[in-house]
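K.L.:
Next up is a structure, given as structure tokens.
The values are calculated or read from the model by the stated rules, or taken from the named source; none is laboratory data. Here the structure is a predicted model, which means the values were calculated and not measured. Positions of Cβ are backbone-derived with ideal geometry, glycine not excepted, and every protein chain shown enters the neighbour counts. These accessible areas exclude ligands, DNA and RNA; they are computed on the full protein's heavy atoms, side chains included. Shrake-Rupley method; radii C 1.70, N 1.55, O 1.52, S 1.80 Å.
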Amino acid sequence: MKNEIKDLIVSNLSLNFDQNIIIDNISFELEKSEILALVGPSGSGKTSLIRCLTGLENPDEGEVVISDSIVFSDSVNIPIEKRDIGIVFQDFALFPHMTVTENISYGKKNDKDSKTLSQISSLTDLMLMCGIYHLRDRYPDELSGGEQQRVALARSLAPKPKILLMDEPFSNLDPGFRMQLRMEVRRILKYLNITCIFVTHDQQEALYMGDRILVLNEGKIQQIDRNTDVFQNPKNEFVAEFIGLADFIEAKVINNHAETEIGKVEIKTKAKSGESVNIMIRPDDVHINKTKNGNGFVVSREYRGMYYIYYIKLDSGKVVKSLSSHINDYNIGTKVNVELKPGHPLICFQNKVII
Amino acid sequence: MIVIKFIIYLIIFLFCIPFIYLFQFGISNLFSSINNLFTFYYFQLIFNTIALVLSVTFTTIVISLFLSWATEICKLKFAKLWRILLIFPLVIPSYLAGYLFILFYGTKGEIYQLLNNFGISVDMPDVYGFWGAWLCLSLICFPYVYINLSTGLKLVDRKLEDASRVLGHNHFQTFFRIIFPNIKNSLFAGSILVALYTLSDFGAVSALQFNTFTLAIYTKYRSFDFPGAASSALILILISMPIIFYFIKMSVFNSYKISQKTSNFSNLKLFDLKQYEILVQLVIFFIVLTSIFIPFLMIFNLILRTDISFVKTLDLIKWSAVFNTFSGATINSILCVFISLLLVLNISKKNNKLRLVFENLMYFGYTLPGLVIALAFVYFSINYFFSIYQTWIILISGYTVLFLSAGYAPVRTNVDLIGDKYTVVSKSLGKSFYSTFTNILFPLYLPGILKGFLNVFILTAKELPVTLILAPLNFYTLSTVIWDNLEEANFSAAGIGSFLLILIISIPTYLSVHVEDIKIKFSKTNK
């Protein structure tokens, strides 16, 4: 499938602000109707990258191609309004003096001949699909956060953009509601086959929304991969810690196994026998049992309803996290026996990079 | 508490004096001379006044829309400098502007002479009448709209602009469809101020001899036709009722709507004018030139016209006027701010109806031409209270009625913005009311107090008709000195007086516009 048209090709994109490197030589591609979750800590350059793609910011170098036409390069700089991009802003930016219908039909393409029947019916369909048809005559400040979010989504979809960019769209909503809304938004995007970049700093949200995940830190791509791969095979310790909880524990490689202070586990690595590595363990890989003379004790715990996350201090002084059923109610200071039972080979790092 | 109540009712009474004058003396005279009403003379007065108000308001809107777009939305060199300079037409009193206008553009004015020196003899157009009054007032009033618009633009969420661009609209479509509807209120507020200024302006129209109501009232008063002045004043108020009504509604309403969202400046992307920047710069420069540089240069030109001996000139300035202007303005500002604070703190929460009545009265006072208020106080003191006629007391009372709202509005907005949460916290920590007020509330109210003080100070220092009519005999301020000397063509003395007056009010003017920024920052950190 080499000749398939990509919806977005970004190559060697860089952006500097007063000698600060905001975006450092980024290249990636987006397949048709793929959702890419762009994730990174705050200040990692996510929003700047989005602004560069839309033309709200002019990159210093690089090339941006949107479905076969160059929108930015050394010699080309297509103005924002002609790039065929949709954006959903973090704070929605709905036009306060326009009703929901007016907001949604504001886009240029609807504007030209907004009176044709097919236009009207497609707008109605869109509003129905986004569940805002009953709100069509209201003004933005008469809507709840979730409703505003849907209007913002519908407004950006109405001109049928080639790519949709969503800049932390759920961060202004309350957490319970976010879960429901992200299911709905993903359903709509998939139904309409929208190619989308979804920016978030929440790794759970990234794992849910993204077909693929791009992890960004300090303006550099740390990893871009399918969401399961990013979680299971992080390329470096930063990604491992950012996507899900992770601990790193020192180990000595012996053939396909590693010897650690809490037991021997199967690993997959290129490291040779006898080398020292750090193996990544997720809280669900670490099992604990209460015993009088265990090899660690509970220093802290987080109750999360269905389960606990226990922080266990090992004899060596290293603290690891363990996921444990809510039945196991251990007080702080309880002596426990710590075991590694991952059920799959673990991955190893040397100098913070996978090996 | 009794003292406070007494003060509140006294103030309300003061505000009723113009009412008594207009609706007792004015109406009785209007009916006794009803035949005179339907004459060409009155028709012309009404037409002139309305034409001037509409044209000046429209012109200032056009100028200010352009200027605020250029300085707030576009990427412009010297934008900071322009923003500062463009508020300075406010420091030029209208009577001075009127005379300078004549001396510069008039038939034998500076332009004529300059051209003559090059051997070009041009007949300058007649500056007297409508065209002069229109241009002159437009050039000194536009900052009212400009300042309002710039503040309004700062409050518009700039993300809306991005959103509109992404949806396929270019910069100008976005400005008119998205930005403009969101600053309509600011535009409206500014235009109402200009309309009021034009309606009540007396200096420029009398210098440029365009016969509007204010000039007619003054002429009648000077020829001792008091009933005629009163009935004209009443007609003026009646025809300006729509504007007065909107101003009051807007002012009372605005002070209820306190929370202001500020846009995120870090994301602000200014519009690149590219090759058109030079054109925009030229237009701005032209506006600054005509509204600021020329008047200022003309003031120095006046000073250098030593028509009489230098010693006599210095004598004509009456140095006590400098002191009087400064102290009068200071005393009145302190008084107005003090009264405002007293009123806001005492009748705010408990008695909403009293507050509404009071605010309506007060904003009504602001909308009245100074001339009408002055005549009302003359009428009142002569008929009921002769002992205060032509004393300090009546002058200060007149100033208070005219300018209290200018001090009240910022104080009130600030007090409402702070709310009573800090008072509750401070009292719950065991502090007395006095200690709470001095340590917590006063510092928090300070931006509003300062802005109120500055507003009243500028207005009082520039004020002419009230001072002219109500001041004690041989009491002069810089405004009356400038006015007298201009009328008697003692140009050097008028020039020096103007220079001193502008010196006194330019820093407060700059600060009063700048304090707005402090207040916005303040409310931001508060969130």
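K.L.:
Go through the stretch B:152-181 and give me each residue that's within 9 Å of another protein chain (Cβ to nearest Cβ) and open to solvent by 50 Å² or more (accessible area, probe 1.4 Å).
P.N.:
Once the filter is applied, which keeps residues that are within 9 Å of another protein chain (Cβ to nearest Cβ) and open to solvent by 50 Å² or more (accessible area, probe 1.4 Å), the stretch B:152-181 yields B:N170, B:Q173, B:R177.
Results for (1) in a helix (DSSP H, G or I); (2) open to solvent by 50 Å² or more (accessible area, probe 1.4 Å); (3) at pLDDT below 85, shown as yes or no for each residue.
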| residue | (1), (2), (3) |
| --- | --- |
| B:P242 | yes, yes, no |
| B:S266 | yes, yes, yes |
| B:Y276 | yes, yes, no |
| B:L289 | yes, yes, no |
| B:F296 | yes, yes, no |
| B:N324 | yes, no, no |
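K.L.:
Something else about it: Name the one entry in B:T460, B:T509, B:T480 that is under 24 Å from B:F296 (Cα atoms), in contact with a Leu (Cβ under 7 Å, 6 or more places away or on another chain) and either of a type in the set (F, W, Y) or at pLDDT 90 or above (or both).
P.N.:
B:T480
K.L.:
Select, from B:T400, B:T325, the only residue that is closer than 20 Å to B:F6 by Cα and of a type in the set (S, T, N, Q).
P.N.:
Exactly one of B:T400, B:T325 is closer than 20 Å to B:F6 by Cα and of a type in the set (S, T, N, Q), namely B:T400.
K.L.:
Still on this structure, please answer the following. Look at B:I183 and say whether it is part of a helix (DSSP H, G or I), among the hydrophobic types (A, V, I, L, M, F, W, C) and out of contact with any Leu (no Cβ under 8 Å at 6 or more places or on another chain). Quick ask: steps written out before the conclusion?
P.N.:
Details: part of a helix (DSSP H, G or I): yes; among the hydrophobic types (A, V, I, L, M, F, W, C): yes; out of contact with any Leu (no Cβ under 8 Å at 6 or more places or on another chain): no.
The answer is no for B:I183.
K.L.:
If you don't mind, there's one more thing I want to ask. Can you list the strands (runs of 3 or more DSSP E) lying wholly within the stretch A:24-89 that have 1 or more residues being out of contact with any Cys (no Cβ under 7 Å at 6 or more places or on another chain) and on the phi > 0 side of the Ramachandran plot? Explain how you work it out, then say what you get.
P.N.:
Values: elements: A:35-39, A:61-66, A:69-72, A:85-88.
Correct list: A:61-66.
K.L.:
Considering each of B:L96, B:L149 in turn, give the residue that is within 18 Å of B:I287 (Cα to Cα) and not in a loop (DSSP other than H, G, I, E, B).
P.N.:
One residue alone meets the criteria, B:L149.
K.L.:
Right, next: What about A:I5, is it open to solvent by 70 Å² or more (accessible area, probe 1.4 Å), of a type in the set (V, I, T), assigned to a loop (DSSP other than H, G, I, E, B) and more than 14 Å from every other protein chain (Cβ to nearest Cβ)? Break it down stepwise before answering.
P.N.:
Working: open to solvent by 70 Å² or more (accessible area, probe 1.4 Å): yes; of a type in the set (V, I, T): yes; assigned to a loop (DSSP other than H, G, I, E, B): yes; more than 14 Å from every other protein chain (Cβ to nearest Cβ): yes.
Criteria met by A:I5.
K.L.:
Tell me yes or no: at least one residue of the stretch B:163-186 is within 32 Å of the chain's Cα centre (by Cα) and closer than 30 Å to B:P295 by Cβ.
P.N.:
Yes, the stretch B:163-186 contains a residue that is within 32 Å of the chain's Cα centre (by Cα) and closer than 30 Å to B:P295 by Cβ.
K.L.:
Something else now. Go through the stretch B:192-209 and give me each residue that's within 11 Å of B:V56 (Cα to Cα), in contact with a Leu (Cβ under 8 Å, 6 or more places away or on another chain) and of a type in the set (V, I, T).
P.N.:
B:T198
K.L.:
Just name the residue that is farthest from B:F19 (Cα to Cα) out of those in the stretch B:326-355 that are part of a helix (DSSP H, G or I) and open to solvent by 70 Å² or more (accessible area, probe 1.4 Å).
P.N.:
B:F326
K.L.:
Could you list all residues from the stretch A:42-70 that are open to solvent by less than 20 Å² (accessible area, probe 1.4 Å) and of a type in the set (A, V, I, L, M)?
P.N.:
Those that are open to solvent by less than 20 Å² (accessible area, probe 1.4 Å) and of a type in the set (A, V, I, L, M): A:L49, A:I50, A:L53, A:L56, A:V64, A:V65, A:I66.
K.L.:
While we're on this one: A:H344 passes all but one of (1) in a strand (DSSP E or B); (2) closer than 22 Å to A:V253 by Cβ; (3) open to solvent by 40 Å² or more (accessible area, probe 1.4 Å); (4) not basic (K, R); which number fails?
P.N.:
All conditions pass for A:H344, except number (1).
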